[in-house]
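Shown next, in structure tokens, is the structure this report addresses.
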């Protein structure tokens, strides 16, 4: 992959000084999201689609994805976290049900996630939504880290923007300690930042 450069508006920013390398540029992310939007529009045509963004990381991705989906759809949000501290996953995620819709039995749900890592969060969310009566639950993840998958999970995303190696990536909604979400690209965070 050719080395990408920081966009002009972020050149010299304290945020970009912490980035080891740009993994996906703004233009590459636009291409990925447009492709996913076309696939989802075709696959969910004629269905009652509800996109559920997993807060907070997927908000940027979902807002862009939504603009590429050409069929009627609704959106909602749910909060779930597997991380008690900044970098270590706990065994079972906490789910906060903040869905606007009490009855989801009429919806085909697409969970929109920023990154699929261990799979425990998405497994728990999928089970939770099916128990609430969803017609179907499908997963769309911008990034997939298959080598980090918990072998006890059975989660398989239908839509994947890109697979990534086991690097600590930030930007485009992805964070470390609530920072870097506003970067318009995805970059690899310098190890000395998250090992402090």
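Going highest first, how would you order 144-156, 47-59, 18-30 by mean Cβ packing within 10 Å? Intermediate results must be reported in sequence, preceding the final value.
Working: 144-156: 14.1, 47-59: 20.3, 18-30: 18.1.
The peptides rank, most packed first, as 47-59, 18-30, 144-156.
Given 25 °C and 0.890 mPa s, compute D for the chain with the Stokes-Einstein relation, Rh being the Kirkwood radius over Cα pairs; round to the nearest whole µm²/s. The partial results should precede the final answer.
Values: Rh = 17.3 Å.
D = 142 µm²/s.
What is the distance in Å between the Cα centroid of the range 136-160 and that of the range 15-52? Each part reduced to its Cα centre gives a spacing of 15 Å. Considering only alpha-carbon pairs that sit under 8 angstrom and 6 or more positions apart, the relative contact order computed for the chain is 23 percent. The simple Förster model, with R0 at 25 Å and r as the Cβ-Cβ distance, assigns residue 101 and residue 163 a FRET efficiency of 0.20.
In the range 141-177, whose amide N lies under 17 Å from the spot 7 Å out along Cα-to-Cβ of residue 79? List them in ranges. Residues passing the 17 Å test: 175, 177.
State the extension gain, in nm to one decimal, for the chain segment bounded by residue 196 and residue 153, taking 0.36 nm per residue of separation less the distance between their alpha-carbons.
Taking residue 196 through residue 153 to full extension adds about 12.4 nm, to one decimal.
Estimated from the Cβ-Cβ distance and a Förster radius of 41 angstrom, the FRET efficiency linking residue 131 and residue 30 is about 0.70.
All of the numbers you see were taken from the coordinates with simple rules; none came from a lab. Quick caveat: nothing in here was measured; it's all calculated off a predicted structure. As a convention, Cβ positions derive from the backbone with ideal geometry for all residues, glycine included, and neighbour counts pool all protein chains shown.
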